[in-house]
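**Student:** Mind having a look at this structure? Questions to follow.
Here, each number is a calculation from the coordinates, and none is a lab measurement. Just so you know, these numbers come straight off a predicted model, no measurement behind them. A quick note on method: Cβ atoms are made from the backbone with ideal geometry, for glycine too, and the neighbour counts reach across all protein chains shown.
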Amino acid sequence: MAVEVSNNHKQQKATERTPRILVFACKWCGLIGADGAGRKREPLPPNFRVIPVECVGSVEPDAVIRAFADGMDGVIVMGCHLGGCRFNDANHAAFKRLELLRALLEGVGIGRDRLLVTFGTAHEGHQFTDVLRNFTNLIAKKESLDTSWTSSRARMI
Amino acid sequence: MKNITVFLCTCFDEINRVVDYERLCSHLSDDPRVAAVTVSRGLCVSGGAGEIGASVKSGDGRVLIAACSPLARGDQVMRDLERAGVPAFRRHLVDLREGCAWIHGNNPAAATEKALDLLNMGLTALEYKEPSADVTLKIADEVLVIGAGPAGMAAATALARCGVDVRVLERGAQPGGMLGLVSRSYPDNTDPSEKIAAFRDLAASDPRITFHSKVKIISARGYAGNFTVRFTAEGEELQAHAGAVIIATGGRVFPPKGYYRYGEVREVVSQIELEARFRKGPVKKENAVFIQCVGARCEERPYCSTICCPASIKNAMRIMDENENARVWILHRDIMMPGTTLEAYYKKAMERGVRFIRYAESDPPRILGDEAVETVEVRDDITGDRRTIPADLVVLSTPLIAGTDAEAIGDLFGIQRDSYGFFREIYPLHPVETRIDGVYICGSARWPVSSEQAMVQGEAAAMKAAALVGRQTIRASEFSRVPGAKFGHARVNEDTCSGCGNCAAVCSFDAIRLQRRSGEGEFRMVSRVIKVRCKACGNCLSVCPNGSMQMPEMNTKALYGMVGKAFS
């Protein structure tokens, strides 16, 4: 009984807080999607930050883990269509790598759905906003991550 | 260290109508890394990039620009800065308009918070960014053309006319390729041996063209500007040093084995065998039947080979030329004759009385006859009638497939091939280029094409090669896959590299080689980055187990720093 109460309490806390979302957007698709959303002046929740990368190939799995350690509630990686990458199959490799990472995240209790890897859906502004809104809604329903134990380890580099 | 100059652009009050610039300024001027903060109304129109460049040029100055998105004017400002002498590691663009003000107009307080975070992220990135040294390399002034079919001949001719030295490697004894197998080329109806003879004369007389026959390629290495290809020509081992390589190895005809009783009954021949008969002498036939799409547009080879319809129509009319009483049927699934010339050719064939019957893929024609073909039974797909056509010749139109040595050539040069074995271009917009800079593809090695189109592609590839070898030197950063120069190259820390080879395996540009580290007592393998090939995608650094591989312009420290400051 006591456990249930505390769970409910946590659940409530999670919904009160706006989730923090970090977006790694490739400069050639994801960022163009973000730019399209901006040009349309689509009102978006201000709970996300975009880090432009040259290609999603350069999104190290460590950087994603670091993001969770630094208090992000969700991470989105936005790349080009599979097959439409400027860097040949770099996004294929990234996709495989991040899919493995999602399995790992599930294993360590963060949950695989806190990392969203989208390819090709971000090229248009409305899709960017859709992805972001849906993901925010999804994450908002979750409990916030307990990062207290990571604070000392994450600063190692 | 106070070395970062911040330029805040208000975009004519577009941004600061939402974002509180006074707060940004006061926050920035408190930051120990910031040397100065300047607020400008329009960075893109004031032409201030030159001044900004001059102000940060000295010493270790870095510049943070907070303005619109890269796609709007941000990249333009960045390019101006590049021109003004501010390299990529010393500048950073923060998108405050599309990325903040315009999407959070309904929440100015949160927008200001976000802008502060974005600026903090930018400052942190600038703190850690490092330069990756560019290299300038000399370009060998010869072009290697592999294959002397129509595409290769056209490429070599075009290059020689441009004043570029060309070395042509041909696997056979004579130039011509598949052009040497056909009796006449369509739609001009000329004898292709004239074209081959013209090229042979040119190759003999032009000092710029070196022609090698009976060539076997042993090895190829190098990168754009510096390819070294070892080969044997008529048994003699030779080496070529080329700035660019044009691959025109062509395709080959799919043999119709197992289709329409080919090989079982006489007078069922493939299109290329009919061409050989025409080259020997006239072919006098009363009733000729051409069957299209034999082994093409099926499950195994779903593509249209594009040359079989015109070839059949050409040969149908040729049979009528040689016997004016001859009747010719073309059994097809669709007639593919694109363009005005070919469409006119198709019309001409219909006017001359070539009969076209459409059959369905599910109900193909049947060849009847014991020893030689006697009749062809076909169901007309449009009327539904079953017809029996008398035939003393059946010609099977088969598609082109990838050449036998396509795999070997692809592996030698590191070119990707598609599901059917043809070389893959950079899709879209780069029809003759491959993922390896300096290696160009043309003709049927790339996709089945007519000799005419192969020549056009050969010339296109020649122009690409000429543009490269026409220069004396080139910087590695110019071999870019993106508009403008590359922003950097991957860099290995050889002291910590364990030589695991993860990076070499994942690189999709073959830009990383494992080599023995030079130095006394060193027996380790380390990764080396070929800067010309590196396109800065960053896959290598993502798989590096210990961070030895870095993209200096966006290294781990900068990336992690940005992550850490995202919600500060």
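**Student:** Please give the contour-minus-distance gain from residue B:388 to residue B:472: 0.36 nm per residue of separation, less the Cα-Cα distance, rounded to one decimal in nm. Can you show the working numbers first?
**Tutor:** Numbers: separation 84, 0.36 × 84 = 30.24 nm, distance 6.73 nm.
Result: 23.5 nm gained on full extension.
**Student:** Further question on the same structure: At 7 Å along the Cα-to-beta-carbon direction for both residue A:141 and residue B:418, put a label point, then send me their distance in nm to one decimal.
**Tutor:** My value for the distance between the label points is 4.3 nm.
**Student:** Right, another one. May I ask for the Rg/Rh ratio of the protein assembly as shown, computed from Cα atoms with Rh as the Kirkwood radius, given to two decimals? Write out the running numbers ahead of the final one.
**Tutor:** On the way: Rg = 31.9 Å, Rh = 29.6 Å.
Here the Rg-to-Rh quotient is 1.08.
**Student:** Indicate the gyration tensor shape class of region A:17-142 (rounded, prolate or oblate), computed on the Cα atoms with a ≥ b ≥ c the square roots of the eigenvalues: a/c under 1.5 is rounded; otherwise a/b larger than b/c is prolate and the rest oblate.
**Tutor:** Taking the square roots of the gyration eigenvalues as a ≥ b ≥ c, region A:17-142 is oblate.
**Student:** Still on this structure, I have one more. Assigning unit charges at the beta carbon (Lys, Arg +1; Asp, Glu -1) and nothing else, what dipole magnitude in debye, to the nearest 20, does region B:491-558 show about its Cα centre?
**Tutor:** So the magnitude is around 180 debye.
**Student:** Find, among the trypsin sites (Lys or Arg not before Pro) in region B:221-272, those assigned to loop by DSSP (not H, G, I, E, B) with at most 16 other beta-carbon atoms within 10 angstrom.
**Tutor:** B:257, B:261
**Student:** Charges on Cβ only, +1 for Lys and Arg, -1 for Asp and Glu, centred on the Cα centroid of the protein assembly as shown; of A:98, B:398, B:50, which one is farthest towards the dipole's positive end?
**Tutor:** Final value for the positive-end residue is B:50.
**Student:** Amide H neighbours of residue A:55 under 5 Å, at least 5 residues apart or on other chains, H built in the peptide plane: list them.
**Tutor:** So residue A:55 has HN proximity to A:27.
**Student:** Just need the relative contact order of chain B here, percent rounded to a whole number, with Cα pairs under 8 Å and 6+ apart.
**Tutor:** RCO, chain B: 15 percent.
**Student:** Of the chymotrypsin sites (Phe, Trp or Tyr not before Pro) in region B:452-534, which ones lie in a loop per DSSP and count no more than 15 other C-beta atoms within 10 Å?
**Tutor:** Passing sites in region B:452-534 are B:523.
**Student:** So, in nm, how far is label residue B:523 from label residue B:3 when the simple model puts each one 7 Å beyond its Cα toward the Cβ?
**Tutor:** Each label point lies 7 Å from its Cα, and together they span 4.2 nm.
**Student:** Also, I was wondering about something else. How much length is gained on full extension from residue B:266 to residue B:26, taking 0.36 nm per residue of separation minus their Cα-Cα distance?
**Tutor:** Answer, rounded to one decimal: 77.1 nm.
**Student:** Which one, B:158, B:515, B:268, is farthest towards the positive end of the dipole of the protein assembly as shown when Lys and Arg carry +1 and Asp and Glu -1 on their Cβ?
**Tutor:** Towards the positive end, the residue furthest out is B:515.
**Student:** Another one. Scan around residue B:440 for amide H atoms under 5 Å from its own, H built in the peptide plane at 1.01 Å from N, and keep only partners 5 or more places away or cross-chain.
**Tutor:** Correct list: B:245, B:246, B:247.
**Student:** Follow-up. Could you work out the Kirkwood radius for region B:4-131, taking every pair of different alpha carbons, averaging 1/r and inverting it, reported in Å?
**Tutor:** With all distinct Cα pairs of region B:4-131 included, I get 14.3 Å.
**Student:** Further question on the same structure: Determine the principal axes of the Cα atoms in chain B, then give the extent along each, sorted from largest to smallest and rounded to whole angstroms.
**Tutor:** 97, 63, 42
**Student:** Please give the calculated 222 nm ellipticity per residue for the protein assembly as shown, where each DSSP H segment of at least 4 residues contributes -39500 (n - 2.57) and the sum is spread over every residue; nearest 500 deg cm²/dmol? If you can, show how the numbers build up before the last one.
**Tutor:** Numbers: 19 runs with 228 residues, N = 725.
Only helices count here, giving -10000 deg cm²/dmol.
**Student:** For region A:68-82, what does the Karplus curve 6.51 cos²θ - 1.76 cosθ + 1.60, with θ = phi - 60°, yield as ³J(HN,Hα) per residue in whole Hz, taken in order and with x for Gly and Pro?
**Tutor:** 5, 5, 7, x, 6, 9, x, 10, 10, 10, 10, x, 7, 3, 5
**Student:** Kindly flag which residue pairs out of A:40/B:2; B:216/B:464; B:138/B:214 have an alpha-carbon separation exceeding 27 Å in this structure.
**Tutor:** Beyond 27 Å between Cα atoms: A:40/B:2; B:138/B:214.
**Student:** So which GluC sites (Glu not before Pro) in region B:462-568 pass both tests, a DSSP loop state and at most 10 other Cβ atoms within 10 Å of the Cβ? It would help to have the intermediate numbers written out before the result.
**Tutor:** Numbers: sites: B:478, B:494, B:520, B:522, B:553; in loops: B:494, B:520, B:522.
Here the GluC sites (Glu not before Pro) that fit, given the DSSP loop and packing criteria, are B:520.
**Student:** Separate question: Using each residue's phi in region B:525-539, evaluate 6.51 cos²θ - 1.76 cosθ + 1.60 at θ = phi - 60° and report the 3J(HN,Hα) Karplus result to the nearest Hz, with x for Gly and Pro.
**Tutor:** Once θ is set to phi - 60°, the couplings for region B:525-539 become 9, 10, 7, 10, 9, 8, 5, 4, 7, 4, 10, 6, 7, x, 4 Hz.
**Student:** At a temperature of 25 °C and a viscosity of 0.890 mPa s, determine how fast region B:491-558 diffuses translationally according to Stokes-Einstein, using the Kirkwood radius over alpha-carbon pairs as Rh; express D in µm²/s, rounded to the nearest whole number.
**Tutor:** 204
**Student:** Please report, in debye to the nearest 20, how large the charge dipole of region B:255-398 is about its Cα centre when each Lys and Arg carries +1 at its beta carbon and each Asp and Glu carries -1 there.
**Tutor:** Numbers: 23 positive and 23 negative charges, 78 e Å.
The dipole magnitude comes to about 380 debye.
**Student:** Using C-alpha positions alone, give me the convex hull volume of region B:255-398 per residue in cubic angstrom.
**Tutor:** Hull volume normalised by residue count: 110 Å³.
**Student:** Next question. What's the FRET efficiency of residue B:17 with residue B:127 using the Cβ-Cβ distance as r and R₀ = 41 Å, to the nearest 0.05?
**Tutor:** 0.85
**Student:** If you line up the Cα atoms of region B:448-537 on their principal axes, what length do they span on each, largest first, in Å?
**Tutor:** So the three principal-axis extents are 58, 29, 25 Å.
**Student:** Once amide H atoms are placed 1.01 Å from N in the peptide plane, what residues at a sequence separation of 5 or more from residue B:327, or on another chain, have their amide H within under 5 Å of its amide H?
**Tutor:** So residue B:327 has HN proximity to B:287, B:288.
**Student:** Taking the Cα centre of chain B as origin and charging only Cβ (+1 Lys, Arg; -1 Asp, Glu), how large is the dipole, in debye to the nearest 20?
**Tutor:** Once rounded to the nearest 20, the dipole reads 660 debye.
**Student:** Ranking B:549, B:336, A:78 by Cβ neighbours within 10 Å, fewest first, what do you get? Before the final figure, lay out each step's value.
**Tutor:** Values: B:549 26, B:336 18, A:78 30.
The most exposed by this proxy come first: B:336, B:549, A:78.
**Student:** Averaged over B:101-107, how many beta carbons belonging to a partner chain fall within 10 Å of each residue's beta carbon?
**Tutor:** The per-residue average across the peptide is 6.
**Student:** Using each residue's phi in region B:125-137, evaluate 6.51 cos²θ - 1.76 cosθ + 1.60 at θ = phi - 60° and report the 3J(HN,Hα) Karplus result to the nearest Hz, with x for Gly and Pro.
**Tutor:** Computed from phi, the couplings for region B:125-137 are 4, 5, 4, 9, 4, 10, x, 9, 4, 7, 10, 10, 10 Hz.
**Student:** Next question, about the same structure. Say R0 is 60 Å: what FRET efficiency, to the nearest 0.05, do residue A:108 and residue B:363 get from their beta-carbon distance?
**Tutor:** About 0.50, to the nearest 0.05.
**Student:** Label residue A:130 and residue B:496 with points 7 Å out from Cα along Cα→Cβ: what is the distance between them in nm?
**Tutor:** Spacing of the two 7 Å Cα→Cβ label points: 4.2 nm.
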